[in-house]
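What follows draws every value from the coordinates through simple rules; no lab data is involved. In this text the structure is predicted, and so the values were computed from the model without any measurement. No Cβ is skipped: glycine too gets one built from the backbone with ideal geometry, and neighbour counts run over all protein chains shown.
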Amino acid sequence: MNAIPPTNSPIVAAFAARTPGSAAAYAEARQHFPGGVTHDVRYVRPHPLAVARAAGARKWDVDGNEYVDYAGGHGALILGHAHPAVTAAVAEQLARGTHYGANHALETRWAELIKSMVPSAEMIRFTNSGTEATLMALRLARAATGRTKLLRLRGHFHGWHDHVAFGVTNHFDGTPTPGILEGLSENVLLADPNDEPGLAALMARHGEEIAAAILEPTGSTYGQVPLRDSFVHLLRTETAKRGIVLVFDEVVTGFRVARGGAQEVLGIRPDLTTLAKILAGGLPGGAVVGRRDLLELLDPERAAARGVEKIPHQGTYNANPLSAAAGIATLEILRDTDAIARAHATAATLRGAMNAVLEEMSVPWAVHGRHTGVHIFTNWNRLPITPTGFDPLALGYADLKVPRGLQTVTRLLLAMRTHGVDFSPWPGGPVSAVHGPEEVEATVAAFRAALRDLRAEGEIA
C-alpha cells in the first residue's frame, strides 16, 4: 500500500490538477469497492488512475492524458496492449462462443504449445489464475508426499490464498495475517533469500517433514530482491535429496525470462511449475505443469490404479475458449519471433539511461534488474552506493525490499504519472516487446523531471 501523501505537496497538487476525471472516478469507486480498488496494487492516494483505453506501449486516462505504460496488465502483456494478432484471435473465437462447458480443440493446442516451450511440462492442468495454480501445486505436493510443511522464501509472492498470505510484505516471523488459521501458518517454514547456510540448516532440521518448496526463481517481485543462481541450484539439490517437491512460481517469469521461463535459463528442472499472466495473453488463465506422476493425482483412473484418492479440481472457466485463443496467439508469437529478446534489449537500454540520469544529477539511487525488469532502488537507508556500480546481490533482503508506505516512492510514482509515465508501484516495471526508442526517450525525460520535482520538495538532496 502507498501512503497518503501530504496535501501541501506540489507533486500531489500537480497530479491532482492533471487528473480530475480520475479523482471523480475514484470517488465513485469508493462507494462500491473496499479502498476504491479491485486489486491492492492499484491503491494510491490521492487517487489511482482511471484508464479509458490502451494500445501498444501506451494508455490514456479518462482525462485524455497519455502515458507510457509499465504496469503492463500486472505483467501479463509482453506484447503490449491490444496486439492485433491476439485481439483478432479473441474476436474470432468470440463469434463461436465464449464457453462450451466441454472439451475443445483450443485447449489441446494451448497445452501442446506449453509443452513444447517449458522444459518440465510433462502434463498440464489449467486454472483461472496464478493464485489458483499455486494453491493446486501445493495441494499436489502434500498429497504426493504425505507431508504437511511448506518451505517459502521471505518476500516471495504466490497469490493470496491461506498458505502464502503472510511473510510477503509483513508478518515475516511467520505469524498469520488476519483470517489465516494459526495451525496452517505453523506448517509454513520461512527462509531468507540467498542464505545458503540457513537453508542447509533448515533442511537438516525439517527436511523429512517438508512437502514442497516454492519460490519465485529470479527473486521476489520479479527480481527486485534477486536470487543468486547458486542459491536456487542448492535448493534444487536439497529438495531432490529429500524427496521434496520443488515448485517454481513462474507466473511472472514464464515466457518472459525466456521461451521456457527462468527454468530454461537456470538449467533447473522443477517438479512443478505454476504459470499465468503471459500464458493467457492478457486474459484470465493459469496452469500447473510438471511431472506426470504428480499431475496424475488429478486423474480418476490413474489415481485409482495407484490406490490413492483422486484430488478434486473444478473451475468454471478453466481453459475457456477465449483465454485459450489469446494464449495460443501470444505463445506462437513468442515462440516464432524475437519478441522476448527485443524486450530484454530495451529494458537494458532503459536501465542504463536511467542510471546515467542518476549519475548526472548526483542522486545516490540505482536502477537495476535482469531480463525485462526495471527496479528503482530509492536507497531509503542511505547506503554508500553509485548508480552504475550498484550490485543488488551485495545487499540483503531488508535493504532491497521497498518498505510499505514509503513516502518517497508514492511521490515518485505520482510525479512520473504527471510527466506521462505509469510505473508499477514497486517502483519500476516490466518492459514489453513493443516499448521502443520513443518510449525509452519519454521515460528518461519523465524520470529526470520527476527527480527535479522530488529535489524541490526535499525528498532527495
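Some points to look at:
- Separation in nanometres of the label points that stand 7 Å from Cα toward Cβ, at Ala17 and Arg335: 5.3
- Restraint check, Lys241/Lys401; Lys277/Lys401; Lys149/Lys310, Cα-Cα greater than 25 Å: Lys241/Lys401
- DSSP H segments from the chain that extend 27 Å or more along their own axis, Cα-based, with Kyte-Doolittle mean of -0.5 or above: 339-360, 437-456
- Placing a label point 7 Å from the Cα of Asn103 along the Cα-to-Cβ line, the residues of region 321-349 whose backbone N sits under 19 Å from it are 321-322, 324-325.
- Cβ-Cβ FRET estimate between Asn8 and His39, R0 fixed at 35 Å, reported to 0.05: 0.75
- Of the labelled figures (1) 70, 57, 44; (2) 75, 62, 45; (3) 115, 46, 46, only one reflects Cα extents along the principal axes in Å as derived from the coordinates, namely (1).
- DSSP beta bridges fully contained in region 223-321 are about 50 percent antiparallel.
- Cβ-derived FRET efficiency at R0 35 Å, Glu309 paired with Val265, nearest 0.05: 0.40
- Extension reserve of the Phe172-Gln31 stretch, reckoned as 0.36 nm per residue once the Cα distance is removed: 47.5 nm
- For a paramagnetic label modelled on Leu406 (point 7 Å from Cα along Cα→Cβ), amide N atoms under 16 Å away belong, within region 371-396, to 374-387, 390-396.
- Within straight-line reach of Lys59, meaning a Cα separation under 17 Å, sit the following aspartates and glutamates at least 8 residues removed in sequence or on another chain: Asp69, Asp422, Glu438, Glu439, Glu441.
- In region 162-264, GluC sites (Glu not before Pro) in a DSSP loop with at most 15 other beta-carbon atoms within 10 Å: Glu186
- Gain on full stretching of the segment that runs from Ala353 to Arg455 - 0.36 nm per residue minus C-alpha separation: 34.8 nm
- Peptides 433-440, 273-280, 307-314, 390-397 ranked from most to least packed, by the mean per-residue count of other Cβ atoms within 10 Å: 273-280, 433-440, 390-397, 307-314.
- Residue list for region 382-409, given a label point 7 angstrom along the Cα-to-Cβ vector of Asp192 and an amide N cut-off under 20 Å: 382-384, 391-404
- Among the chymotrypsin sites (Phe, Trp or Tyr not before Pro) in region 74-165, those located in a DSSP loop and surrounded by at most 15 other Cβ atoms within 10 Å of their own Cβ are Tyr100, Trp160.
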